[in-house]
Each structure stands twice: as C-alpha cells, then as structure tokens.
Ligand SMILES: Nc1ncnc2c1ncn2[C@@H]1O[C@H](COP(=O)(O)OP(=O)(O)OP(=O)(O)O)[C@@H](O)[C@H]1O
Ligand SMILES: [Mg+2]
C-alpha cells in the first residue's frame, strides 16, 4: 500500500516552473532516492510535502488522508518529518535543546525544564549518529559544519514519523558519518518508516535506497528500482547526456615554485601544522570530522586567532589580523557553510558574485556598472548557474546553484591562493565537472590551490599531494603515487 501519493503537483515562481505536474508515490518502509540536477525541483517538491510551501495545483494523500491545509502543522500531524537542505539551527541553544525544540521535557507544577531527562534522551540519539563524544549542553554554534548537519538529522530521528525526508543530509559528512546515518535509516525502515532521500552522491543511493525517482527541469522523468539500474543510466536520466570523465584532472600542468607556506601553525588544538602549496598545484587536506581542517582555514583567513605561525605568500611574510588581510594578500576562501558564511541571502546573484572585489570595477573610485554586470553574467554562464534573473535574491536559488555563486564570488577576486573547503557541496554531477575544470584553469594560470574535501574520490582525483590531518596534527604527506583510500583513512585515524 502506498503511504504517500503526490499527484500532478505544480508550483511556479516568477520566471520559472519549479514543479511541473510532478507525481510521486512511496510505499510503507520504502527508501526512495530523489535525484536530479541543481534546480530540477527536488527541494521544492519536498517543501510542498512538508507544508513549507503551497502548491499551485495537485493533490497529496498521506496514509489515506488528503491534505487540505498545506501548512507545516498539518504535515507534522500526519507524520511528515524533514531535514531541510540548508541548516536550520538556533546557534546559541544547546545541542539537546535543538534536538527537542518545541518538545522540551518539563517537570513539576512549575513546568521547569527537565534537563537530566533532556540530556539523557539527547545523548542516546547522539551516540547512534556518531556524536557521542560531544556534550549535549554544547551550543550548536560551536560545532563544525558536519556536526551541525548531524544535529539536524538527529532532530528528525527524535520524532515519531511515518515519512522522513532527508534533503542532502550527507553533503558535509565524510564516509564514516554517512555510514552511521545509513545504519539509522535502515533501523527506521525496519520499523516501517518510509524515507525520501535526496543526494548528489550516486554511490550512496545504491547503498541505501530501494528505488529512485529522477527529476529534470521540474518534471519527473523516471522511477526505477535500484536493483535494475546503474550510475550511467541515472546520470543520463538526470543530465540528458553521458558524462565520460567525472574527474577531469589535467595532467599536463607543470608544478612550479612555492606560493603559499604555513609553518608550525599552533592553536590550543592545532599542533605545529606545516604544509606548502606550489604554482599550478592542488594540495589536498584530508581528515575526519573534528580533525581541524576548517580550523586551519579559519586561521589562514583570520576569522580565528592562532597562537603562533609562520606563513608566507610568494615568499613574503603573511600575518593576518583581520579577514580583509587575506583578500589583500591574494588568498580567497570558499567556506563549507554557504548559508552563514558564503552568501548574503537577500542580495542579488550579481551582487553576491561581485561583492568581494568591487574595487576591480572602480579603478578611479567610480563604479563601472556595465562591466560589473557583464562579469557577473559571464560567471553565471560559465558555471551554468540556474537563475531566472541575475538580479534575483540569491536565497531563491536552489542549494547547488547557491554553492556555484559562492565559488564564482571567490574566483572573481583573482587570488594567488585559492582555498576550497568542500567546494562541490550539494553540486550535481555535471556542475561538479565544471568546478573541477575551473580548478584546472586556476592551476593552468599558475595559482596555488588548497582543497579540503571529505569526498575521497574527489580529493584523490584532483589533488597532486595530500596532507592528512588527525586530531590537529599532520600525520602524513602523501604523494600522488601513493594515493589510496586505505592509506588516507589509515593516516586519518592516526595510524
Ligand atoms: N522561493 C523561491 N523563489 C523563487 N524561485 C525559487 C524559490 N525556491 C525555488 N526556486 C526556484 O525553483 C527551481 C527549483 O529549485 P529547487 O530548490 O527545488 O531545486 P533542487 O532540485 O532542490 O536543486 P539542488 O540540487 O540545487 O538543491 C530553481 O530554479 C529555483 O531557483
Ligand atoms: Mg535542493
């Protein structure tokens, strides 16, 4: 029996039909993967299911009941749980409070918050998702992006639900954390919960899903059983063509002199971190959650204080005091959390792309608006950013397209050193190739690239050398000839 039937759902936004008569069915206990290119309409369809958005037309029947209100209350009452693509946490509140928000256990006549119960319940689910090492009282804003993502996921699992929607839950997770999530998904499936799973990582879909629905340009194009399909077929369904080389690393680029060096970087967590990046080179920084990858980037970008370090750019000392010093010294950074650090949600796509380097358009202090617009358009075209209108607020873009805006914004600063932290987060298979090609272009124009990524296939394909980090310490410098998943993981767990 179908637990869910969405029929002929249509939803239009100014300039774009996000869902065009989409139908979706889901069986009890089924794990259905929902895939499609950035902007295909996946999140919109799920927001309609969760009551966050109202469809223009169509019907939704959940467990025999037809939806009438299209609001979040109704959806929750009917057993819909959702983890949205963009993180939604209350940073100042603790992990436990974020998990049980709206349902905090209370005791006594005065209804005081029952912290022991709250923390105990929180700890249980945290353990299952690999967050057991954390104190439930920790404010969420102190967590890494991956940990925040796990908190969001954990929240969905604390609720009694019939249908659980996970919109790109693993985009900031590494393989180990993803495995924990899959265990939890399987145990929920066993209890009869149905799951809709959105991801751009196709290998995950083959591991966790029973079936897959593919969307393209707002329409559903196919529904297949996982057992009867393969990656190539799904890629063709999604992008309408074949992608021959998922990781088009250029091998012909000569590696030149040193551009960027970090020596003995120390914080209370980082222990004498040293590495260097040369002209035309991509250096990978790999480590598990909490290993300190982002902390290194934050020190370089001066958003975090460090105790000591000797850093150089092109041989000249680099000792940043404030974030702008990084820009002035030719260092650009694509951060892992686009919503809080990467984009300015209400500004237009154009403004977001050009904002970090406005001086470029105002050589004599007077803005050349035409030039600015032309350049923004160039980037939209180059990265194939799906946007009805370049002046639309960036928050109206799909997640993957927002990510492309962040990448364009940083590339536009024409840096000497480009630091990319999970650059292809939430980006579809086709657009990933575009970003890898841009990385090739950076190398070709003698830039130095530092790439932080938890996707092993990506970092192994694109990097020329990889430094592995474990608990704030570099445990290995691995040359390309020795790249293998086993080697990298071994050093990442401290071996
Ligand atoms: N609130 C909104 N206002 C205007 N346009 C919107 C809004 N929400 C979504 N859209 C547009 O609808 C289309 C579908 O977006 P959606 O977020 O559903 O894509 P998606 O399949 O989830 O993509 P991704 O893989 O990048 O997350 C996009 O073109 C997007 O710009
Ligand atoms: Mg989406």
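Annotations
- Percent of Cα-Cα distances greater than 25 Å, calculated over segment 2-239: 43 percent
- Enclosing the Cα atoms of segment 258-492 in their convex hull gives a volume equal to 120 cubic angstrom per residue.
- In angstrom, the C-alpha Rg and Dmax of segment 39-165 are 16.3, 51.
- Counting only DSSP beta bridges with both residues in the chain, the antiparallel share comes to about 55 percent.
- With neighbour counts taken as other beta-carbon atoms within 10 Å, the residues 299, 230 rank, fewest first, as 230, 299.
- If you bin all the Cα-Cα distances of segment 1-52 at 5 Å, starting from zero, the percentages per bin are 5, 17, 28, 27, 14, 5, 2, 0.
- At R0 = 56 Å, FRET efficiency that the Cβ-Cβ distance of residue 477 and residue 109 yields, to 0.05: 0.35
- Modelled FRET efficiency - R0 22 Å, residue 371 with residue 314, Cβ distances, 0.05 increments: 0.20
- Radius of gyration and maximum dimension Dmax of segment 338-412, Cα, Å: 11.6, 36
- Reduced Cα scattering model of segment 220-357, Debye log10 I(q)/I(0), q = 0.12 Å⁻¹: -0.73
- When the alpha carbon gyration tensor of segment 148-244 is reduced to an equivalent ellipsoid, its three semi-axes come out at 25, 15, 13 angstrom, largest first.
- The relative contact order of segment 1-81, computed from alpha carbon pairs under 8 Å that lie at least 6 residues apart in sequence, is 33 percent.
- Put simply, the C-alpha atoms of segment 302-376 give a gyration tensor, and the ellipsoid matching it has half-axes of 27, 18, 9 Å, longest first.
- Two-decimal log10 I(q)/I(0) for segment 377-490, as the Debye equation yields it once each C-alpha is a single scatterer, q = 0.12 Å⁻¹: -0.48
- Footprinting exposure proxy ranking of 481, 453, 348, fewest other C-beta atoms within 10 angstrom first, gives 481, 348, 453.
- Taking the centroid of alpha carbons for each part, segment 203-254 and segment 19-52 are 17 Å apart.
- Of the two radii for segment 267-330, the radius of gyration is 0.94 times the Kirkwood radius, both from the alpha carbons; that is the Rg over Rh value.
- Calculated FRET value between residue 142 and residue 322, using beta carbons and R₀ = 22 Å, to 0.05: 0.50
- Beta bridges per DSSP with both ends in segment 258-492, % antiparallel, nearest 5: 50 percent
- Only helices enter this figure: runs of n ≥ 4 DSSP H residues, each worth -39500 (n - 2.57), summed and divided by the residues of the chain, yield -9000 deg cm²/dmol at 222 nm to the nearest 500.
- Length-normalised contact order for the chain - Cα pairs under 8 Å, 6+ apart - percent: 16 percent
- Compared with the alpha-carbon gap, the fully stretched path from residue 339 to residue 61 is longer by 96.8 nm at 0.36 nm per residue.
- When each of the peptides 102-110, 35-43, 129-137 is scored by the mean number of other C-beta atoms lying within 10 Å of its residues, the order from highest to lowest reads 35-43, 129-137, 102-110.
- Taking the Cα atoms of the chain, the ratio Rg/Rh between the radius of gyration and the Kirkwood radius comes to 0.97.
Read the figures in this text as sums done on the coordinates, not as results from a lab. Keep in mind that what you see is a predicted model, and the values were worked out from it rather than measured. Positions of Cβ are generated from backbone atoms using ideal geometry, with glycine treated the same way; all protein chains shown enter the neighbour counts.
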